[in-house]
Amino acid sequence: MSTVSYYTAEGLKKLKEELDYLKNVARPKASADIAEARDKGDLSENAEYDAAKEAQGMLEMRIAKLEEIHSNARLIDESHLDTSKVLVLSNVKIKNQTNGMEMKYTLVAESEADLKTGKISVTSPIGKGLLGKSVGEVAEIIVPNGTLKFEILEISRD
């Protein structure tokens, strides 16, 4: 059973670009590598041929997985999202009640999460804890290290 995944326009574009690259660049290269290794003689003792065939198998598995993900991907329509509460694609400015540190995150689908760019997954403990909260509310989030309290300072959309 396939799972529906929700993507932003940017995330869906990256997925499509990776799939196109694998199909149009990596796949022909893998075939060429196999042909080159095959030309080197006896296949029963040709480690280079075996490695090329295994690499092709891994590539084909990755392509199949991405095709499945792409076929079940849904684009999130931002125009229908409520801006008064924290939802997927919300930019949230929060304040840690313990140390007073302020942080800004964008809540995204799990497949697009990237902490370096401030994108956290809605399925992460912090993401789950922030969902549905409004400005001024305090989210108590249970993490492995204890409970964190974050005050919602601001909610916006790009």
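Using heavy atoms of the protein chains and a probe of 1.4 Å, the accessible area assigned to M101 is about 100 Å². Considering region 11-57, its Cα convex hull presents a mean projected area of 3.3 nm².
Can you sort S44, S111 by solvent-accessible area, 1.4 Å probe, largest first?
Ranking S44, S111 by accessible area, largest first, yields S44, S111.
Every helix of 4 or more DSSP H residues in the chain counts as -39500 (n - 2.57), and over all residues that averages to -11500 deg cm²/dmol at 222 nm.
Between the alpha-carbon centers of region 49-66 and region 98-157, tell me the distance in whole angstrom. Here the two parts' Cα centres lie 38 Å apart. Projection of the Cα convex hull of region 1-112, averaged over all directions and equal to a quarter of that hull's surface, yields 11.7 nm². Can you tell me the alpha carbon radius of gyration of region 54-158 divided by the globular rule-of-thumb value 2.2 N^0.38 Å? It is 1.31. Straight-line cross-link reach from K65 at under 22 Å between alpha-carbon atoms covers these lysines, not counting any fewer than eight positions away in the same chain: K13, K14, K16, K23, K29, K53.
The values are calculated or read from the model by the stated rules, or taken from the named source; none is laboratory data. Since this is a predicted model, take the numbers as computed values, not measurements. Only protein heavy atoms, including side chains, enter the accessible area calculation; ligands, DNA and RNA are left aside. Shrake-Rupley method; radii C 1.70, N 1.55, O 1.52, S 1.80 Å.
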